[in-house]
Amino acid sequence: MNIVVCVKQVPGTTAVQVDPVTGVLLRDGASSKLNPYDLFALEAAFRLKESAPEPEDVAIRTVSMGPPQAVSSLLETVYMGADKAYLISDRVFAGSDVQATSYALSCGIARTGPFDLILCGKQTTDGDTAQVGPELAESLGIEHASGVLSIDGITEESVTVTVNLDRVLQKQEMRLPCLLTIEKDAFTPRLPSFRRKFATGDDAVSVLTADDLPELDRTRCGLKGSPTQAEKIFPPEIKKDKKLFEGDGQTLAASLYGLLSSEKYL
Amino acid sequence: MGLLIHEEKINEESAAALIKLCPFGALSYENGKLSVSPACRMCRLYIRKGPAGAITFEEEAKPVCDKSAWRGVAVFAEQTEGRIHPVSYELLGKAKELAHVTGDPVYALLIGDDISEAAGELLRYGADRVYVYEDPAFRHFLISPYANAFTDFIEKVKPSSILVGATPLGRSLAPKAACRVRAGLTADCTMLEMKENTDLVQIRPAFGGNIMARIITPNTRPQFCTVRYKIFSAPERGEAAGKIIRMPVIKEMLRGGTKILDVTKKPEEIDISDAEMIVAVGRGLRAKEDIALAAELAEALGAQLACTRPMVEAGWFDPRRQIGLSGRTVKPKLIITLGISGSVQFAAGMRTSERIIAVNNDPNASIFNIAHDGFVGDLYEIVPELIRMIGEEK
């Protein structure tokens with residue numbers, strides 16, 4: 001069985017600001033990390049492998065799209081337990097929105113071999129959209145389930161999962177291949193293993209460029225292949241008519257009490 | 001289309017300026033040559049802000065679809081057992097405003113089983129036409145049949161904009177349907193506006209909410225967006241004016257590889273998203289034991305207790321009490337924040353509250369930018385005194 005886990009390298013912090021005068025994005029660009037939500041998808045894959053009757057028959061590969069530096073995050077997935085990792089990296093993909101990202105990922109995943117199950121984190125901490133997984137599934141022509149709380153069973157043909165919907169939990173059996181996005185806290189993720197780190201060679205991560213993907217339609221990639229476009233970015237709006245109370249604790253408590261009482265909140 | 005580097009204008013000085021400007025570290029200068037790495041996000045900042053003419057952006061004319069063939073604003077009306085999710089009513093209210101700009105109709109798309117009554121309700125909340133796909137196979141949410149019905153609706157009705165609630169179901173269905181028709185999708189919009197040319201202006205927090213992005217879909221239709229529950233207000237329930245249109249459901253539509261084995265009601269949970277009053281605490285709280293202080297105030301007010309993300313990460317609170325982008329969105333009549341600095345992620349989950357009262361000892365805390373009433377002071381001095389005063393009253 002072949003399991004693919006999609007991961008993303010995200011900024012180490014989300015402390016980004018826009019200079020209100022120049023409109024320039026001020027960003028602490030140095031640090032980055034593996035998207036924390038992806039850890040749950042990785043853990044789900046490792047557990048499936050470990051609980052398989054023949055664990056060596058289950059191959060886990062991780063796939064990411066991003067800048068060259070994302071290799072470090074992919075290496076981390078290998079230290080945790082992935083057998084192989086692939087980075088899809090090319091300037092052609094710059095400026096991709098959800099649609100162009102999922103298209104590029106679908107071409108990359110198809111290029112890296114057959115797959116039975118694709119696992120994604122619920123969302124990323126930078127884009128926050130939670131939409132790439134489902135669009136990726138559609139791009140590959142397979143079904144998906146979002147918000148998977150548990151994987152309850154797996155056979156050669158199907159996987160049984162519990163899905164979190166608003167008011168109900170759905171237990172469903174899905175035909176393979178399919179894609180699951182794993183809910184946060186579904187499992188306790190493991191740490192990278194030092195033993196694996198020392199055993200990992202330089203060839204653990206392969207980089208694929210657009211030239212390595214012969215099927216790729218470049219008009220569907222990057223900014224050009226993105227139906228949505230960011231017209232403008234701006235700092236969040238600041239309210240003008242604010243009322244500010246200052247003074248010692250006693251005075252402030254009295255003003256606050258007065259406010260709550262006169263406006264009938266009490 | 002792409003970035004053109006004009007080598008004659010690149011020297012050490014201009015290269016350094018450009019490298020400094022790039023927020024993504026995608027530019028490098030080596031041996032007198034400036035190069036762009038795949039880290040580039042095509043933000044094109046250097047064109048406006050960098051040394052003039054050093055890098056330019058060559059735009060190819062994109063094929064633009066015939067926008068006049070796509071009319072109206074559609075709302076996907078989510079239902080469970082015939083009960084419409086309230087976010088759908090909120091979206092109908094917004095859709096009415098948006099459609100008014102161009103004089104186009106408001107549609108509701110309803111998929112389910114035994115949903116006639118629900119369809120009538122949608123008319124009362126402002127839908128001009130309700131398109132109904134009714135079949136026992138739609139009783140529970142199944143990705144393929146729902147997506148098939150959704151795209152059938154898109155192909156037949158050709159709505160220009162489609163609004164979907166960012167519920168677990170909506171976040172699963174909208175991207176599937178959008179991808180199939182190759183439509184643009186903007187998730188978790190917090191503001192929507194309509195241009196005269198039917199381009200939907202979608203505003204959403206980006207980069208974890210520290211900045212806002214204004215997103216449009218200039219060349220394709222339809223344009224999809226998802227909006228969280230409680231971002232917009234539901235309109236008044238009125239008289240039904242529109243009509244219900246029953247759409248044929250063919251067998252092929254119901255095919256898929258997923259079988260429902262069991263559906264269970266979720267156990268009764270802590271739910272702050274429907275609370276009328278909330279007391280929320282953040283990192284201004286010094287110790288876990290001090291939660292009792294906030295809890296006491298919440299009890300005195302009859303409010304629910306909520307918190308920020310660091311409180312959950314510290315293990316002090318149940319994640320279900322977290323407000324913000326990665327937690328719940330709330331819209332209470334009153335929210336009192338104690339020791340919360342007010343990150344945009346947090347604000348995104350509560351800024352539409354009717355009344356925001358903030359207590360924080362830092363006068364520059366950004367919570368004061370969104371609070372209606374700000375109290376600059378120590379919560380440890382103010383809250384016990386306030387509790388005492390409320391207690392005396394009773």
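Structure notes:
- Residue within region B:191-198 that is buried (at least 23 other Cβ atoms within 10 Å of the Cβ) and at the interface with another protein chain (Cβ under 10 Å from one of its Cβ atoms) present: no
- Of the residues making up region B:94-129, those that are closer than 22 Å to B:Glu236 by Cβ, of a type in the set (Gly, Ala, Ser) and crowded, with 16+ Cβ neighbours inside 10 Å are B:Ala95, B:Ala99, B:Ala108, B:Ala118, B:Ala119, B:Gly126, B:Ala127.
- Residues of region B:129-188 satisfying the condition of being on the phi > 0 side of the Ramachandran plot and either touching a strand residue (DSSP E or B) at 6+ places or on another chain (Cβ under 8 Å) or among the polar types (S, T, N, Q) (or both): B:Asp188
- B:Leu297 in a strand (DSSP E or B) and in contact with a helix residue (DSSP H, G or I) (Cβ under 8 Å, 6 or more places away or on another chain): no
- Candidate set from region B:21-49 (those that are surrounded by fewer than 18 Cβ atoms within 10 Å (Cβ to Cβ) and more than 10 Å from every other protein chain (Cβ to nearest Cβ)); member that is nearest to A:Val207 (Cα to Cα): B:Ser28
- Residues located in region B:139-190, provided they are over 17 Å from the mean Cα position of the chain (by Cα), within 12 Å of chain A (Cβ to nearest Cβ) and in a helix (DSSP H, G or I): B:Ile143, B:Ser144, B:Pro145, B:Tyr146, B:Ala147, B:Asn148, B:Phe150, B:Thr151, B:Lys176, B:Ala177, B:Cys179, B:Arg180
- Among (1) under 23 Å from A:Val163 (Cβ atoms); (2) in contact (Cβ under 8 Å) with a residue 60 or more places away in the chain; (3) surrounded by fewer than 24 Cβ atoms within 10 Å (Cβ to Cβ), the one test that B:Val164 misses: (3)
- Meets criteria (under 29 Å from B:Glu313 (Cα atoms) and out of contact with any His (no Cβ under 7 Å at 6 or more places or on another chain)) for A:Val168: yes
- Residues in region A:121-162 that are of a type in the set (Asp, Glu), assigned to a strand (DSSP E or B) and at the interface with chain B (Cβ under 7 Å from one of its Cβ atoms): 1 in all.
Here's the yes/no breakdown for (1) within 11 Å of chain A (Cβ to nearest Cβ); (2) touching a residue at least 12 places away in the same chain (Cβ under 8 Å):
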| position | (1), (2) |
| --- | --- |
| B:Gly315 | no, no |
| B:Gly339 | no, yes |
| B:Ser366 | yes, yes |
| B:Asp378 | yes, yes |
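- Checking B:Ile335 against (1) crowded, with 22+ Cβ neighbours inside 10 Å; (2) part of a loop (DSSP other than H, G, I, E, B); (3) more than 8 Å from chain A (Cβ to nearest Cβ); (4) not aromatic (Phe, Trp, Tyr), the condition it does not meet: (2)
A quick yes/no check of all residues on (1) within 8 Å of another protein chain (Cβ to nearest Cβ); (2) part of a helix (DSSP H, G or I); (3) in contact with a strand residue (DSSP E or B) (Cβ under 7 Å, 6 or more places away or on another chain):
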| residue | (1), (2), (3) |
| --- | --- |
| A:Phe198 | no, yes, no |
| A:Val207 | no, no, yes |
| A:Glu215 | no, no, no |
| A:Thr219 | no, yes, no |
| A:Ser226 | yes, no, no |
| A:Ala230 | yes, no, yes |
| A:Ile233 | yes, no, yes |
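Just so you know, all these numbers are worked out from the coordinates, no wet-lab data involved. Since we're looking at a predicted model, the values are computed, not measured. So basically every Cβ, Gly included, is an ideal-geometry build from the backbone, and we count neighbours across all protein chains shown.
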